Structure formats: C-alpha cells, structure tokens
1. Just the residues that are in contact with a helix residue (DSSP H, G or I) (Cβ under 8 Å, 6 or more places away or on another chain) and assigned to a helix (DSSP H, G or I), please, taken from region 6-41.
2. Pull up region 119-133, narrow it to residues that are surrounded by fewer than 12 Cβ atoms within 10 Å (Cβ to Cβ) and more than 23 Å from the chain's Cα centre (by Cα), then point me to the one that is modelled with the highest pLDDT.
3. Which one of Gly87, Gly116 is small (Gly, Ala, Ser) and surrounded by fewer than 16 Cβ atoms within 10 Å (Cβ to Cβ)?
4. Taking the condition touching a residue at least 12 places away in the same chain (Cβ under 8 Å), more than 30 Å from Ser224 (Cβ to Cβ) and surrounded by 16 or more Cβ atoms within 10 Å (Cβ to Cβ), does Phe111 pass?
5. Which of the residues belonging to region 177-197 are within 26 Å of the chain's Cα centre (by Cα) and in a loop (DSSP other than H, G, I, E, B)?
6. For region 73-84, how many residues are buried (at least 18 other Cβ atoms within 10 Å of the Cβ) and under 23 Å from Met248 (Cα atoms)?
7. Of the residues in region 200-223, how many are part of a helix (DSSP H, G or I) and either in contact with a Phe, Trp or Tyr (Cβ under 9 Å, 6 or more places away or on another chain) or under 11 Å from Ser81 (Cβ atoms) (or both)?
8. Take region 88-108 and flag every residue that is in contact (Cβ under 8 Å) with a residue 60 or more places away in the chain and either outside the structural domain of Gln227 (by TED's automatic domain parsing) or more than 14 Å from the chain's Cα centre (by Cα) (or both).
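The values are calculated or read from the model by the stated rules, or taken from the named source; none is laboratory data. This structure is a prediction, so every number in the text was calculated from the model and none was measured. Methodologically, a virtual Cβ is constructed for each residue, glycine included, from the backbone with ideal geometry; neighbour enumeration extends over all protein chains shown.
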Amino acid sequence: MKKKAKLQRWGIGEYIWFIILVILAILIIYPMFWIIMSSFKDYNGIFKDVWGLPKEWLFENYKLAWEKGISNYFVNSLIVSVGTIIGVVLISTFAAFGICQMKSRFASLCFLLIMGGLLLSPQVCLLPLYILLKNLGLKDTYFALILPYIAFRLPVSVMLIRSFFISIPKELEESAIIDGATFFQIYKKIYLPLSKPIISTVIIMTAYYSWNEFIFATMFIDSSEKQTIPVGLMVFSDGLMTNWGVVMAGMVIACLPIAILFIFMQKSFIRGMTAGSVKG
C-alpha cells in the first residue's frame, strides 16, 4: 500500500503535456544538431545526404572557418560583450542599491525614469544615436556598440536586481551599520555576495543580447576589422556560398560561447529569475 501511495500514476493530462514537451524539445534541439552534423560534411554530403551522419568527419572545416575570418569576428564580439556586461553589472547594481537605500519619492521617481527605458525601441532611437555617436567621434569604434547596449539593458537589469535587493533581510544591513560599516562596504560585503544568482541572470541576459545584436552592429560599425559575429556571419556566408560545411562550422563557433555560458550558469540563472519574485 505504501509503495502504491508513493507511485503517482499519470493521467491523460500529464501524458499530453509530456508529449508536447517532447515535441518542443525535438523542434528546438534538432536544428542545432543538424547544423553541428552538417559542419563536418562537404557540399555533396550536405545536399545529397541531408539527414544522414557525415561519412567523413571534416574537422578541417572548423580550422578553415577560423582562418577565413571567424576569429576576428569572435574576438570583436568578445570585447563588446565583456565591456557591455561589466558596464551593465556595475551601473545596475549601483543604481538598484541607491534606489533601495533612498526612502523618498525621489527614489521612486528615479526608478520610474529608468523603467521608462523599457518603452524605447532600438529602431526608434537608431537615427538619433547614429548622429550622436558620429558627432562624439565614437562611430566605428567598440564604444559605438558598448554604450548603446548598456543603455538598453539597464532598465530590465535594474528592475531585476532591485527586486532581489529588496528581498535581502534588513537585519544584515542594520548589524553592519552598528559595526560601523559604510554604505559602500554594505554594498560590497553584503549585497553583492548575496546577489550572485541575480547577477548571473543579468550576465547571461546581457551576454545573449550583446552577442547576437544585429541592427546597431550593422549601422554603427563600418570597418570589417571591428565587425561582430552577427554581421560577420553574413559577410562570411556570402564569401563562401559553395562551401556550406565551413559556413555551418562558423555558425557553430558563433553559438558556442553563449551555450557554454548558460550551461555553467544555468542554476544561478534559474535561482536569479525566481528569487525576489515575492517582494518588490
């Protein structure tokens, strides 16, 4: 009887949901699997044996893709993404901490103004940003991408971190103040260490955005030496129209950093998305 009580039988609803989840998993995973398998094939292998595994695993496709320009686009995207992540994490944590510390209408007004950034569309701001960056002499530099990326990622980052900061017990802060800690020490020694899950969430979301953003990267960067992965892949595929195995290898290389980042930080990402959701 105890064993039967522990074993929960699935009803029709559970089976339906399970089938739906399996179908969704196949639809999401299979295209990536096909790209990875195709990256090891030659032209004939891709078009004559579309669904089969590679008869000969052409690892040199990856070497050729790296030498043909993916390495340059990869490094540029890495510089832009790291710069954006550092800027977003520093500014959003400082802003969220300041808003939480100020118990006034001014703090609420600041938060509302920051949240107003969610209403701005990148397409609407494209022309003003282009003129501004050109007048400042920042066009065709890494900062032409880093600064707009930071600006557009700040509202949602501040919202998430503020929500998490509110959930931190005030007793910890009060004890630190009694011990003579300054506000910066409270921020550094209490809030930041406890906020690793939400900071991980912000890092993943920011990295995904900056690594894959296309519109700003197309408009604000002219030289091929500073092009990032999304724009570079377009140029790369145009230059290798007949060698699709190398193109697929370039796509796999482009996807790897974000995939690896999420794999290593997925637990913190989930904790960060769920923590602080009750308060704030």
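1. Of everything in region 6-41, those that are in contact with a helix residue (DSSP H, G or I) (Cβ under 8 Å, 6 or more places away or on another chain) and assigned to a helix (DSSP H, G or I) turn out to be Met32, Ile35, Ile36, Ser38.
2. Restricting attention to region 119-133, the residues satisfying the condition of being surrounded by fewer than 12 Cβ atoms within 10 Å (Cβ to Cβ) are 119, 121, 123-124, 127-128, 131.
After this cut, where a residue has to be more than 23 Å from the chain's Cα centre (by Cα) as well, the list is 127-128, 131.
Details: Leu127: 89, Pro128: 90, Ile131: 93.
The extreme case among them is Ile131.
3. Working: Gly87 fails: surrounded by fewer than 16 Cβ atoms within 10 Å (Cβ to Cβ).
Of the residues listed, the single one that is small (Gly, Ala, Ser) and surrounded by fewer than 16 Cβ atoms within 10 Å (Cβ to Cβ) is Gly116.
4. Working: touching a residue at least 12 places away in the same chain (Cβ under 8 Å): yes; more than 30 Å from Ser224 (Cβ to Cβ): yes; surrounded by 16 or more Cβ atoms within 10 Å (Cβ to Cβ): yes.
The answer is yes for Phe111.
5. Ser195
6. Here is the first cut: in region 73-84, the residues buried (at least 18 other Cβ atoms within 10 Å of the Cβ) are 73-74, 76-77, 80-81, 83-84.
Okay, now just the ones that are also under 23 Å from Met248 (Cα atoms), so 73-74, 76-77, 81.
Matching residues across region 73-84 total 5.
7. Our first condition is that a residue be part of a helix (DSSP H, G or I); within region 200-223, this holds for 200-212, 215-219.
Remaining after also requiring either in contact with a Phe, Trp or Tyr (Cβ under 9 Å, 6 or more places away or on another chain) or under 11 Å from Ser81 (Cβ atoms) (or both): 200-201, 203-212, 216, 219.
Number satisfying all stated conditions: 14.
8. In the first step, residues of region 88-108 are kept if they are in contact (Cβ under 8 Å) with a residue 60 or more places away in the chain; the result is 88-89, 91-97, 99-101.
If the condition is that a residue be in contact (Cβ under 8 Å) with a residue 60 or more places away in the chain and either outside the structural domain of Gln227 (by TED's automatic domain parsing) or more than 14 Å from the chain's Cα centre (by Cα) (or both), then Ile91, Ser92, Thr93, Phe94, Ala95, Ala96, Phe97, Ile99, Cys100, Gln101 are the ones that fit.
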